[in-house]
1. Just to be sure I understand the filter: pairs with C-beta atoms under 8 Å, separated by 6 or more residues or on different chains, first member in region 19-32 and part of a loop (DSSP other than H, G, I, E, B), second member of a type in the set (Lys, Arg). Which pairs pass?
2. Do we find that Leu164 is open to solvent by 70 Å² or more (accessible area, probe 1.4 Å) and in a loop (DSSP other than H, G, I, E, B) in this structure?
3. From Thr179, Thr158, grab the single residue that is buried (at least 21 other Cβ atoms within 10 Å of the Cβ) and of a type in the set (Ser, Thr, Tyr).
4. Look at region 127-140 and say how many of its residues are within 15 Å of Glu68 (Cα to Cα) and open to solvent by 40 Å² or more (accessible area, probe 1.4 Å).
5. Where residues in region 33-67 are among the aromatic types (Phe, Trp, Tyr) and part of a loop (DSSP other than H, G, I, E, B), which of them is least open to solvent (accessible area, probe 1.4 Å)?
6. Would you call Gly148 in a loop (DSSP other than H, G, I, E, B), at pLDDT 95 or above and either closer than 18 Å to Thr179 by Cβ or open to solvent by 40 Å² or more (accessible area, probe 1.4 Å) (or both)?
7. Open to solvent by 30 Å² or more (accessible area, probe 1.4 Å), touching a helix residue (DSSP H, G or I) at 6+ places or on another chain (Cβ under 6 Å) and of a type in the set (S, T, N, Q), is that true of Gln263?
8. Pick out the one residue from Ala78, Ala74 that is hydrophobic (A, V, I, L, M, F, W, C), in a helix (DSSP H, G or I), open to solvent by 50 Å² or more (accessible area, probe 1.4 Å) and out of contact with any Lys or Arg (no Cβ under 7 Å at 6 or more places or on another chain).
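The values are calculated or read from the model by the stated rules, or taken from the named source; none is laboratory data. None of the values given here were measured: they were computed from a predicted structure. Cβ placement follows ideal geometry from the backbone for every residue including glycine, while neighbour counts extend to all protein chains displayed. The accessibility values were calculated without ligands, DNA or RNA, using every heavy atom of the protein model including side chains. Shrake-Rupley method; radii C 1.70, N 1.55, O 1.52, S 1.80 Å.
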Amino acid sequence: MSDRAGLRVGVQFHPQHTSVAELRRAWRAADEAGVDSMWVWDHFFPLYGEGQPYLWPPQGSPEGRHYESWSLLAAMAADTRHARIGVLITNIHFRNPDLVADMARTVDHLSGGRAVLGVGAGNIERDFREYGYEFGPGRDRLRALEAGIGRIKRRLATLEPGPLGPLPLLIGGSGQQVTLRLVAEHADMWNSFGPPAEYARQNAVLNEWCRRAGRDPAAIERTVLLDVAEEAADLQGFAEAGAEHIILGCGHPFDLGPVRELQAAATAIRLPGRSTVSA
């Protein structure tokens with residue numbers, strides 16, 4: 001999606017164990033530091049305890065302060081000027097998909113055309129149960145994701161006014177049979193996780209789905225979320241695995257030092273070329 005030589009660098013702010021004022025200071029500072037993208041997650045409860053390391057999957061049921069994603073994103077849109085912004089990722093089950101399209105269009109205008117619309121099937125059962133949503137089997141959640149993507153695209157085509165910017169669609173996930181097929185068919189961006197060997201395996205499957213769909217793989221920007229800081233040491237490995245955009249998770253107290261180090265290191269990484277297919 002980009003001919004930029006180096007890796008892009010983004011930051012995902014964990015909206016837990018903090019205040020809105022602290023979040024706003026953090027994303028303003030990150031925007032001034034020149035990050036390429038900024039994100040929040042779409043959960044209703046903390047994913048880890050205050051002062052504890054991030055672990056996946058979440059251990060137990062951590063408690064503490066937490067804030068809703070799209071409300072925060074509207075504030076981020078108004079507070080910042082440069083970075084792309086988005087929810088990584090919006091759970092398709094939590095909001096009517098037509099409403100999500102309208103929300104994203106509105107936030108895109110608030111940001112001056114910098115919004116990314118990220119969606120996924122969701123996988124934290126507690127979020128579903130405690131907010132009154134049915135937590136169905138994975139196959140059912142993926143069917144809802146596919147149907148929701150269709151509704152989002154149809155609604156975006158009818159909104160007046162439409163998005164101010166390109167409003168790229170990002171799909172998050174690694175499922176080989178459904179999720180990566182949906183990425184190949186619909187997405188402008190894709191997000192998954194490391195380590196590099198696993199990311200490379202998923203990337204190869206996505207390229208194959210692109211081939212089947214007659215889609216140029218280079219049309220899809222490849223992003224990876226690093227919630228384990230040690231993974232950031234192998235930027236070259238992620239680049240060779242296909243990643244173009246590294247997003248570093250950042251919890252309170254929002255120390256941007258690791259993000260700035262990642263930015264400096266990323267300038268030395270060149271992205272290998274990717275083959276294309278005829279549409």
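1. Listed pairs, sorted by first residue: Ser19/Arg65.
2. The answer is yes for Leu164.
3. Among Thr179, Thr158, only Thr179 is buried (at least 21 other Cβ atoms within 10 Å of the Cβ) and of a type in the set (Ser, Thr, Tyr).
4. Total satisfying the criteria: 2.
5. Trp41
6. no
7. no
8. Of Ala78, Ala74, the one residue that is hydrophobic (A, V, I, L, M, F, W, C), in a helix (DSSP H, G or I), open to solvent by 50 Å² or more (accessible area, probe 1.4 Å) and out of contact with any Lys or Arg (no Cβ under 7 Å at 6 or more places or on another chain) is Ala78.
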